Amino acid sequence: MALRRHRLASRRKSVGHTQESLAERLGVDRTTVVRWERAESEPQPWVRRGLAIALEVTLEELAQLLEDVEEARTRRGDRLAYSLKNPRAVDLATVSYLRQELVTVTDTYDTTPSTSLLPTVARLHGEITFLHSYASLGGVRRALATVRADSAMLMGQLVWDASQRRDCRTAVGYYNQAIGVAKQNADLLPEAHARLRAGFVALYADCEPKRGLAQAAQAAQLAISVGSYALAGLAVLHVAEANAMMGERSACDEALGEAEDWLQRVDAADPAHGLVAAEQFNRMAGSCYLALGKPRKAQAVLEATSLALHGREKSRSIVLGNLALAHIRQRQIEESAAVLHEAIDVVEQTRAGGGANVLFGACRELQVWRNSAGIDDVTDRVLSLMAK
């Protein structure tokens, strides 16, 4: 049976677009729209905002239209439902379907509020965990273990983000679950990724850069051992930031250089090449410069990075918050207010926990200039955001 996104096509028609006119508005080929509606591909993150506007829906509603695939419903009604009733009969086709569902949700993470994604991922994680507990030894069990580690990591990420990085205990619990499953499966790549994720909590919530550094360094070693320069580079970038937080300038610079070397070696064969975007290095370097007391240098890097991150809104919200801090620390109050308004727009849309935390920190520093023109408007919007 062919895949179809009937609701997506129906929405396009209801707002008066043909496939050709929608493609022209978005600057893509008509065949791209055809592939979206046939569920042969997903709109890239940087296209989704324009697509949502063209279809007159929110990004959350667009994500629901994209998830509504006819064959996916059929498979859930048949193969997956049968496996859930007869878990010892689970096969690789069912695992593949679960993995694809997880990938579909992950692809919407950067533009969709985590609270909206949590019910779907919690259901997926529960199904994967249940089937893994019954699967017999062999390829199916190993495949389920890998998907279970990935779903546990995504649960940790969503819980932490949805709680605005307050619920660290639950997030770390999911990361530890991923580590345990990966170790049992002798799968070093997801173990490395989960350890790095746990390190994020140490760095950004617990304010323990030494512990975060140790976890990131361990993740880098594991990634290198399985030939993933992408994950190694990402981990070493966080080693750099941990050193920056501790004021270790030379160690930070050394780690940035090492991370750049690893990232330059990434190719399509890297098992984790999808984890690192082209802007990742500059995003992290800007954060490091800010922590080291170099706001002017941070500003130059972060301005370029914020422009390159359109479509990856949760990441962009963090960059904008840091850019506002760079302006504040140079006493550029008018510029900081303008950037903060842009950051608030993004956080209102995505409810990004990381972006919200950086934004609140920037506003606290801005209170020294609370009597300056325009600062009251920023403060009012931030207070309103906190109250939601």
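Each value in this text was obtained by applying a stated rule to the coordinates, not by laboratory testing. A quick note: this is a predicted structure, and the numbers were derived from the prediction, not measured. No Cβ is skipped: glycine too gets one built from the backbone with ideal geometry, and neighbour counts run over all protein chains shown.
Here the range 65-180 is assigned +1 on the Cβ of each Lys and Arg and -1 on the Cβ of each Asp and Glu. Its dipole about the Cα centre then comes out at about 540 debye. Taking the Cα centre of the range 1-126 as reference, the dipole from Cβ charges on Lys and Arg (+1) and Asp and Glu (-1) amounts to some 360 debye. For the range 24-35, the Karplus equation 6.51 cos²θ - 1.76 cosθ + 1.60, evaluated at θ = phi - 60°, returns couplings of 5, 5, 8, x, 10, 7, 4, 5, 5, 5, 4, 5 Hz by residue, with Gly and Pro reported as x.
Averaging Cα coordinates gives a centre for the range 357-379 and one for the range 149-217; these two points are 32 Å apart.
For the range 323-381, trypsin sites (Lys or Arg not before Pro) meeting the loop criterion (DSSP other than H, G, I, E, B) and having at most 11 other Cβ atoms within 10 Å: Arg331, Arg370. Note on Asp29 and Arg364: their simple-model spin labels are 5.1 nm apart, each label 7 Å out from Cα toward Cβ. Note on the chain: helix-only mean residue ellipticity at 222 nm, from DSSP H runs of 4+ residues weighted -39500 (n - 2.57) and normalised by residue number, equals -24000 deg cm²/dmol.
In terms of its alpha-carbon gyration tensor, the range 1-68 comes out rounded; the largest-to-smallest axis ratio a/c stays below the 1.5 threshold.
For the pair Arg166 and Asp345 in one chain, pulling the backbone fully straight at 0.36 nm per residue adds 62.3 nm over the alpha carbon distance. Taking every alpha-carbon pair under 8 Å whose residues sit at least 6 apart, the chain reaches a relative contact order of 11 percent. In sequence order, the range 124-137 has phi-based couplings of 4, 4, x, 5, 5, 4, 4, 5, 5, 5, 9, 4, 6, 4 Hz under the Karplus curve 6.51 cos²θ - 1.76 cosθ + 1.60, θ = phi - 60°, and Gly or Pro positions carry x. Residue-wise HN-Hα couplings along the range 294-302, as the Karplus relation 6.51 cos²θ - 1.76 cosθ + 1.60 with θ = phi - 60° gives them from phi, are 10, x, 5, 5, 4, 4, 4, 6, 6 Hz; Gly and Pro carry x.
Modelled spin-label separation between Glu40 and Glu335, with each label point placed 7 Å from Cα along the Cα-to-Cβ direction: 4.8 nm. Computed from the alpha carbon atoms alone, the convex hull of the chain holds 146 Å³ per residue. Taken about its Cα centre, the range 199-310 carries a charge dipole of about 280 debye when Lys and Arg each add +1 at the Cβ and Asp and Glu each add -1 at the Cβ.
Of interest is the spacing of the C-alpha centroids, which for the range 243-298 and the range 1-33 amounts to 39 Å.
Among rounded, prolate and oblate, which fits the range 270-388 when a ≥ b ≥ c are the square roots of the eigenvalues of its C-alpha gyration tensor, a/c under 1.5 means rounded, and a/b larger than b/c means prolate? List each step's numbers first, then the result.
Numbers: a/c = 2.38, a/b = 1.42, b/c = 1.68.
Since a/c reaches 1.5 but b/c is at least a/b, the shape of the range 270-388 is classed as oblate.
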